[in-house]
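The values are calculated or read from the model by the stated rules, or taken from the named source; none is laboratory data. These numbers were taken from a predicted model, which means no experiment stands behind them. Here Cβ is always computed from backbone atoms with ideal geometry, including for glycine, and neighbour counts include all displayed protein chains. Ligands, DNA and RNA are excluded from the accessible area calculation, which covers all protein heavy atoms including side chains. Shrake-Rupley method; radii C 1.70, N 1.55, O 1.52, S 1.80 Å.
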Amino acid sequence: MQCVQHLKVFKTASPFDRRITSLVWHPKSLTTLAVGSKGGDIILWNHQHESHDVFIQGLGAGGSIQAMKFDYNEDNHLYTCSIDGTFCRRNLRSNQVTVYLNTGEDCFNNWYTSFDVSFTGGLLLAGDNKGYVNLLTKDGTPIWKQRLHKSKVHHIEFHTGTPWLFATSSGDNFVRLWDVRNIKNTESALVELKHEKGGVNSAYFSPAHGTRLLITDQHSELKIFSGPLWNLETKILHPHRHFQHISPIKADWHPLEDIVVVGRYPDPKFTGSQGMDTFNPGTEPRTVDFFDASDGELICQLEPVGQKGIMCLNRFDQLGNILASAHGAHILLWAPKYSETNIPSTSDICQSVQAPMRRPLTMDNDNDLKKKKRNTSSRKQK
């Protein structure tokens with residue numbers, strides 16, 4: 001936990017002429033990340049080098065990169081989905097592209113907004129702006145297409161430890177959890193989490209142990225649900241409202257601890273959040289905020305010197321050593337920096353947050369989820 005309190009910006013880059021819409025760290029090359037822009041440009045950057053290693057030119061207007069993920073089994077391959085109507089896999093060295101889904105000439109009305117890949121299950125999921133989700137095999141063979149939401153699917157994610165479980169979040173105010181083996185329609189959802197204040201930008205499973213689900217709405221709430229029954233555990237009031245000309249703000253996890261990281265968008269009309277100026281709401285700095293997931297307490301706030309933008313995207317590398325942030329068309333990299341007077345002992349550095357013990361999510365917990373669904377249905381009938 002002390003590591004995040006000592007993060008300092010050590011490198012910046014501004015490779016694009018349009019704002020950054022997606023960033024993702026490489027799962028094996030720990031110093032490498034990919035960054036995508038609203039114009040469809042993509043860079044592959046090893047931050048130990050002075051400049052990016054690969055630059056792929058995008059379409060410009062209409063080419064916005066919506067999501068990216070590295071292929072875990074083939075280092076130089078990257079999955080992407082874009083407003084140009086494609087969901088594809090790209091070789092970053094040869095720029096050879098394998099297209100799995102393409103809305104073609106209808107891309108102005110229909111495009112892919114989110115996806116995920118289960119490398120253990122050999123499955124691909126892709127959601128679009130009309131609420132449909134496609135399931136494909138790893139080689140691109142279609143399995144089914146279902147409308148799981150009434151509006152845009154903002155985020156899809158497989159549970160890493162339970163390959164049959166995945167979550168979707170949407171602009172229709174719902175987050176739903178599904179069993180990929182048993183989907184017919186919206187009634188097939190194992191768990192349905194309704195949000196009262198508008199659309200939901202993202203729903204991330206905690207990477208440290210997978211028993212928490214972090215939800216970011218489009219206004220002022222972060223919610224953390226606890227598995228296997230996915231009951232509300234913590235609610236954090238935090239300003240991060242939606243605005244058309246910035247990338248949607250999505251809270252994310254530290255990879256090894258239950259720490260939440262999220263960019264702040266101060267709002268003069270919103271009061272009650274930790275870290276705000278109570279006398280002059282909306283005038284506080286545009287910081288990167290860190291919260292303890294177990295109790296929602298603010299750990300610290302970081303403000304980069306000379307940077308006034310809203311840090312919409314913030315993602316740690318696989319070991320939690322480096323934090324990448326994006327505001328506008330700029331990338332910032334943070335790393336811990338200690339002075340001689342405040343060097344912590346080895347036992348204090350990155351000490352784990354003590355979370356309550358929980359049952360791991362296994363195939364046996366499928367019954368728990370179905371039992372909760374039956375109980376919910378019976379209450380509705382009453």
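Residue check: is Asp17 among the charged types (D, E, K, R) and touching a Gly at 6+ places or on another chain (Cβ under 9 Å)?
Working: among the charged types (D, E, K, R): yes; touching a Gly at 6+ places or on another chain (Cβ under 9 Å): yes.
Criteria met by Asp17.
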Scope the range 65-82; condition surrounded by fewer than 23 Cβ atoms within 10 Å (Cβ to Cβ) and of a type in the set (Phe, Trp, Tyr); matching residues: Tyr72, Tyr79
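If you take just the strands (runs of 3 or more DSSP E) that sit entirely in the range 86-183, which of them hold at least 3 residues that are of a type in the set (Gly, Ala, Ser) and open to solvent by less than 30 Å² (accessible area, probe 1.4 Å)?
165-170
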Regarding the range 273-282, can at least one residue be identified that is within 17 Å of the chain's Cα centre (by Cα) and not acidic (Asp, Glu)? no
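Hey, among the residues in the range 115-149 that are of a type in the set (D, E, K, R) and more than 21 Å from the chain's Cα centre (by Cα), which one's farthest from Asp71 (Cα to Cα)?
Here the residue is Arg147.
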In the range 217-229, which residues are within 18 Å of the chain's Cα centre (by Cα) and either open to solvent by less than 60 Å² (accessible area, probe 1.4 Å) or of a type in the set (Val, Ile, Thr) (or both)? Asp217, Gln218, Ser220, Glu221, Leu222, Lys223, Ile224, Phe225, Ser226
Just give me the residues in the range 183-206 being closer than 27 Å to Thr21 by Cβ and modelled with pLDDT of 95 or more, in sequence order. Leu193, Val200, Asn201, Ser202, Ala203, Tyr204, Phe205, Ser206
Residues that are outside any strand (DSSP E or B) and either in contact with a Leu (Cβ under 7 Å, 6 or more places away or on another chain) or among the small types (Gly, Ala, Ser) (or both), drawn from the range 72-85: Asn76, Asp84, Gly85
Out of the residues in the range 1-57 meeting the condition of being hydrophobic (A, V, I, L, M, F, W, C) and part of a loop (DSSP other than H, G, I, E, B), tell me which one is least open to solvent (accessible area, probe 1.4 Å). Phe16
